[in-house]
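These notes are about the structure you will find just below.
The values are calculated or read from the model by the stated rules, or taken from the named source; none is laboratory data. Predicted model only: the values in this text are computed from it and were never measured. Neighbour counts are summed over all protein chains in view; Cβ atoms, including those assigned to glycine, are modelled from backbone coordinates with ideal geometry. We work out accessible area using only protein heavy atoms, side chains counted, and drop any ligands, DNA or RNA first. Shrake-Rupley method; radii C 1.70, N 1.55, O 1.52, S 1.80 Å.
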Amino acid sequence: MAQSNVATHDRVIIFDTTLRDGEQSAGAGLTPDEKLRIARQLQKLGVDVIEAGFAASSPGDFEAVQQIAREIKGPIICSLARAVPGDIDAAWKAIKDAERPRIHVFLSSSEIHMAHQMRKGAEDIMGMAVDAVKRAKSLCDDVEFSPMDATRTEPGFLYRILEATIDAGATTVNIPDTVGYSNPEEFGALIKGVFDNVPNIDKATVSVHCHNDLGLAAANSLAAVENGARQVEGCINGLGERAGNASLEEVMMALETRYDHYGVKSGVNTREIGPSSRLVADLFGFAIQPNKAIVGQNAFRHGSGIHQDAYLKERTTFEIMEPESVGWRGEAIVMGKLSGRAGLRSRLGDLGYELNDRELADLFPRYKVLADQKREVTDFDLQSLMSEQHRFADTDRQYRFEGLKVECGDMVTPVATVTVGLPDGKSKTVTAEGTGPVDAVCKAVDEIVGESCNLTEFAVASVTDGIDAIGEVTIRVEDADGHIYAGRGGDTDIIVASAKAYINAINRMGVLSPSKNQITATE
Ligand code: KIV
Ligand code: ZN
């Protein structure tokens, strides 16, 4: 059996659930390969625990958790499980090859959940929790137990269930504010109550898992740390169910920046926050709001003349963190059309992308096209190019964008001619009319691939300022059964970017189709 996790009291354990709770965000859905790429980045970031998924929820998630467990060394790799034998066994099967595996068992404990969700009494719930933790413990040393909806659970029952599950072998007990109902004062007092009223609490690490329904998730998590919690759960970019979870980047930087106040730190490499945030935004297809703390585009930009003046005299007048400390690279102009392969490889290396000769050879012509179109190629452009390159590489044996021509405007019926590479290596070209150029492009692609999807979201964002910026298009499509799939594409021509995004969504639909990704019914 693997070593159990230990509560290190001078350090806050960072538990990342981007790949589990984050993937529960409406409209999210990652392929196993995408999950693995994020897990590799989380490893670089240095989080302590990666909740890689919910193994029993679907064959696709099982595969993703297993791949991550087999490849990622360093962090604890965890799978979620309901308090039922089948889930616990599936979780163990998926993570058992990990260097440091953990099973995370959860069960509702509030009156409202027990009565309406579980339809069980408190003593039945107590029995299920203890049995589940014992079963998990018989398989794995490191077991976490979460009484779901803890902040609306009767405190006396909460203390009893924590004591019983620690006795049954839980090494971490997690206090979830499942519906984001609490506030810092109340939540801090609840954590203090746990320390004061659970007799064996010294045998477990106390963790917190806060949702952001009232925008208080990071503040609640930090109040818990002030009261002794030593594991914080959350997601990169604050993803997660409904309004999301605590933004891990906010929690990590609050601990770092206000060490004078909290007196404890996380062990992460904060310089990897920026790359982690951008990768998660890219693969989930959820753009980051410009004013988002730590990772938003404006987080380190000063707009007012008074601020700019003071900032130029002394940075700390208006900046409490160094942008570089969170991996912020600004918009440094780095490359042009005369730059060669060596320069490109070296700059990409600085940005965290290590390319082998073949990958560089594939990328270079695309870089040259971009450099011809744009006067200046910034770091953000290069990141967009790399995202496009990954999407392109992922489409082996799938549909590939090859080219298009559109006629549009308010004096003609919009028409698009699109050429798509087919999985068998051939190409097909179709011309279609639509209500606008993007609609015409989608109709042409539909005819080529023989699918018809409903476009539910279409958003364009520019990667950098300026008329020659790359446009990144995010598209969400819905299949006939109501499943949603995201697709992304980038190009200096936004109609081309739209076509790439639409084809990307169709390819992801193929990989994530419900037959591969059946969700088991929740109890
Ligand atoms: O929000 C929640 O309660 C959860 C549990 C599974 C920990 O996500
Ligand atoms: Zn949650």
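Using 0.36 nm per residue, how much length does the chain from Glu71 to Arg11 gain when fully extended, once their Cα-Cα distance is taken away?
Answer, rounded to one decimal: 19.0 nm.
Could you tell me the extents of segment 341-393's C-alpha atoms along the three principal axes, largest first, rounded to whole Å?
For segment 341-393, the Cα spread along each principal axis is 27, 22, 17 Å.
Leaving out ligands and nucleic acids, note down the accessible area per residue over segment 280-327 with a 1.4 angstrom probe, in whole Å².
Per residue, segment 280-327 has an accessible area of 56 Å².
Of the cross-linked pairs Lys96/Lys265; Lys73/Lys192; Lys44/Lys265, which ones have a Cα-Cα span greater than 28 Å in the structure shown?
The answer is Lys96/Lys265; Lys73/Lys192.
How about segment 98-205: which trypsin sites (Lys or Arg not before Pro) there are in a DSSP loop, with at most 13 other Cβ atoms within 10 Å of their Cβ?
Listed in order of number, the matching sites are Arg119.
For segment 213-253 and segment 126-171, what is the centre-to-centre distance using only Cα atoms, to the nearest Å?
22 Å
How large is the helix-only mean residue ellipticity at 222 nm for the chain, computed as the sum of -39500 (n - 2.57) over DSSP H runs with n ≥ 4, divided by its residue count, in deg cm²/dmol to the nearest 500?
-12000 deg cm²/dmol
First measure r as the distance between the Cβ atoms of Asn183 and Tyr259, then evaluate 1/(1 + (r/R0)^6) with R0 = 22 Å and state the FRET efficiency to the nearest 0.05.
Calculated transfer efficiency: 0.35.
Between Phe286 and residues 5 or more places away or on another chain, which pairs have amide H atoms under 5 Å apart, with H built 1.01 Å from N, and which residues are they?
Those qualifying (amide H under 5 Å, at least 5 residues apart or on another chain) number zero.
Return the lysines within reach of Lys500: Cα separation strictly under 16 angstrom, same-chain partners fewer than 8 residues apart disregarded; answer none if there are no such residues.
Lys405, Lys428, Lys443
Going from the alpha-carbon gyration tensor of the chain, what semi-axes, largest first and in whole Å, does one get by taking the root of 5 times each eigenvalue?
42, 28, 20
Output ³J(HN,Hα) for segment 379-385: one whole-Hz value per residue in order, computed from phi by the Karplus curve 6.51 cos²θ - 1.76 cosθ + 1.60 with θ = phi - 60°, and x for Gly and Pro.
Rounded to whole hertz, the list is 4, 5, 4, 5, 5, 5, 4.
For segment 360-444, what's the radius of gyration and Dmax over Cα atoms, in angstrom?
15.5, 44
Note the direction-averaged projected area, equal to a quarter of the hull surface, for the Cα convex hull of segment 395-515, in nm².
Quarter of the Cα hull surface area: 7.7 nm².
Along Cα→Cβ, 7 Å out, is where each label goes; now give me the distance between the ones at Asp424 and Ile112 in nm to one decimal.
5.6 nm
May I ask you to compute the full-extension gain from Glu447 to Arg160, defined as 0.36 nm times their residue separation minus their alpha-carbon distance, rounded to one decimal in nm?
That pair, Glu447 and Arg160, stretches by 97.3 nm at full extension.
What distance in nm lies between label points placed 7 Å from Cα along the C-beta direction at Arg242 and Phe458?
Roughly 3.2 nm, to one decimal.
Using the Cα centre of the chain as the reference point, and only Cβ charges (+1 on K/R, -1 on D/E), how large is the resulting charge dipole? Debye, rounded to the nearest 20.
1040 debye
Read phi for every residue in segment 292-299 and hand back ³J(HN,Hα) as whole Hz from Karplus 6.51 cos²θ - 1.76 cosθ + 1.60, θ = phi - 60°, with x for Gly and Pro.
Listing the rounded values in order: 4, 4, 6, 10, x, 4, 8, 4 Hz.
Of Ser498, Cys210, Asn200, which is farthest towards the positive pole of the chain's charge dipole, taken about the Cα centre with +1 and -1 on the beta-carbons of Lys, Arg and Asp, Glu respectively?
Working it through, the farthest residue towards the positive pole turns out to be Ser498.
In segment 354-424, what GluC sites (Glu not before Pro) fall in a loop by DSSP, with at most 13 other Cβ atoms inside 10 Å?
In loop regions of segment 354-424 (DSSP not H, G, I, E or B), the sparsely surrounded GluC sites (Glu not before Pro) are Glu354.
Could you give the length gained by full extension between Thr435 and Ala26, i.e. 0.36 nm per residue of separation minus their alpha carbon distance, to one decimal place?
144.4 nm
Going through segment 291-324, which GluC sites (Glu not before Pro) have at most 14 other Cβ atoms within 10 Å and a DSSP loop state?
Those satisfying the criteria are Glu314, Glu319.
List every residue whose amide H lies under 5 Å from the amide H of Met148, counting only residues 5 or more places away in sequence or on a different chain, with H placed 1.01 Å from N in the peptide plane.
Hits under the 5 Å cutoff: Leu107, Ser108, Ser109.
From the backbone phi of segment 440-454, what are the Karplus-calculated ³J(HN,Hα) couplings (6.51 cos²θ - 1.76 cosθ + 1.60, θ = phi - 60°) in whole Hz, Gly and Pro given as x?
Computed from phi, the couplings for segment 440-454 are 5, 4, 5, 5, 5, 5, 3, 5, 5, 8, x, 10, 10, 10, 8 Hz.
Given a Förster distance of 35 angstrom, what is the FRET efficiency for Arg119 paired with Lys192, based on the Cβ-Cβ distance and rounded to 0.05?
0.60
Determine which aspartates and glutamates satisfy two conditions relative to Lys374: a Cα distance under 13 Å, and not lying fewer than 8 residues away in the same chain.
Cα-Cα hits under 13 Å: Asp465, Asp468, Asp491, Asp493.
Using a basic spin-label model with each label point 7 Å from the Cα along Cα→Cβ, how many nm lie between Arg301 and Thr317?
The answer from the label model is 2.1 nm.
Below 8 Å, C-alpha to C-alpha, sequence gap of six or more: please give me the relative contact order for the chain in percent.
Across the chain, relative contact order equals 12 percent.
For segment 1-147, which whole percent of the accessible surface, found with a 1.4 angstrom probe, sits on carbon and sulfur atoms?
With neighbouring chains kept in place, the figure for segment 1-147 is 51 percent.
Compute for segment 272-364: radius of gyration divided by Kirkwood radius, i.e. Rg/Rh, restricted to C-alpha atoms, rounded to two decimals.
Computed over Cα atoms, the ratio is 1.05.
In percent, how large is the relative contact order of segment 443-503, given Cα pairs closer than 8 Å and 6 or more residues apart?
Value for segment 443-503: 27 percent.
State the antiparallel share, in %, of DSSP beta bridges confined to the chain, rounding to the nearest 5.
50 percent
How long are the semi-axes of the equivalent ellipsoid of segment 10-143, defined as square roots of 5 times the Cα gyration tensor eigenvalues? Whole Å, largest first.
Listed largest to smallest, the semi-axes of segment 10-143 are 26, 16, 14 Å.
Gly403's amide H: which non-local residues (gap 5+, or another chain) put their own amide H closer than 5 Å, with H modeled 1.01 Å from N in plane and none for Pro or chain starts?
The answer is Thr419.
In whole percent, what relative contact order does segment 13-284 give with Cα contacts below 8 Å and a gap of six or more residues?
After rounding, I find 19 percent.
Just want the answer: with Cβ charges of +1 for Lys and Arg and -1 for Asp and Glu, which residue in Ala342, Phe380, Pro365 is farthest toward the dipole's positive end in segment 341-393?
Going by the Cα projections, it comes out as Pro365.
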